[in-house]
Amino acid sequence: MTKSQINGKLLEQILHDSFLIEQLSDRVYKLLREDLRKHQERSQGYGSRI
């Protein structure tokens, strides 16, 4: 079984389970918030140099 097939099966399982959808959504949200926080920290550092 290829990686693509495994990912497809996993996605199929997630789409049919509302609890897994919620867990995936929460994880994506947390990752996006962390990325935004890091981006804001970097941006503030640039502003203080000017």
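Carbon and sulfur: what percent of the chain's accessible surface (1.4 Å probe)? Intermediate results must be reported in sequence, preceding the final value.
Values: 2800 of 4980 Å².
The computed percentage sits at 56.
Under the 0.36 nm per residue contour assumption, what length would be gained going from the current alpha-carbon distance of GLU12 and LYS30 to full extension? Intermediate results must be reported in sequence, preceding the final value.
Numbers: separation 18, 0.36 × 18 = 6.48 nm, distance 2.26 nm.
Between GLU12 and LYS30, full extension yields 4.2 nm more.
So how tilted is helix 3-15 from the main axis of the chain? Cα-based, degrees 0 to 90, rounded to 10.
Its long axis makes an angle of about 90 degrees.
So what is the 222 nm mean residue ellipticity for the chain from helices alone, if each DSSP H run of at least 4 adds -39500 (n - 2.57) and you divide by all residues, rounding to the nearest 500 deg cm²/dmol? Walk me through the intermediate numbers first.
Working: 2 runs with 43 residues, N = 50.
So the helix-based figure for the chain works out to -30000 deg cm²/dmol.
Can you quote the Å³ per residue value for the convex hull of the Cα atoms in the chain, rounded to an integer?
Working: hull volume 4.1 nm³, N = 50.
Once divided by residue count, the hull of the chain is 82 Å³.
So which trypsin sites (Lys or Arg not before Pro) in the chain pass both tests, a DSSP loop state and at most 15 other Cβ atoms within 10 Å of the Cβ?
Answer in residue order: ARG49.
Mind pulling the angle between the C-alpha long axis of helix 18-47 and the longest principal axis of the chain? Nearest 10 degrees, somewhere in 0 to 90.
Rounded to the nearest ten degrees, it is 20.
The values are calculated or read from the model by the stated rules, or taken from the named source; none is laboratory data. Predicted, not measured: the structure shown is a model, and the values here were computed from it. Don't worry about glycine lacking a Cβ; one is built from the backbone with ideal geometry, like all the others, and counts go over all protein chains shown. Just the protein is used for accessible areas: all its heavy atoms, side chains included, with ligands, DNA and RNA removed. Shrake-Rupley method; radii C 1.70, N 1.55, O 1.52, S 1.80 Å.
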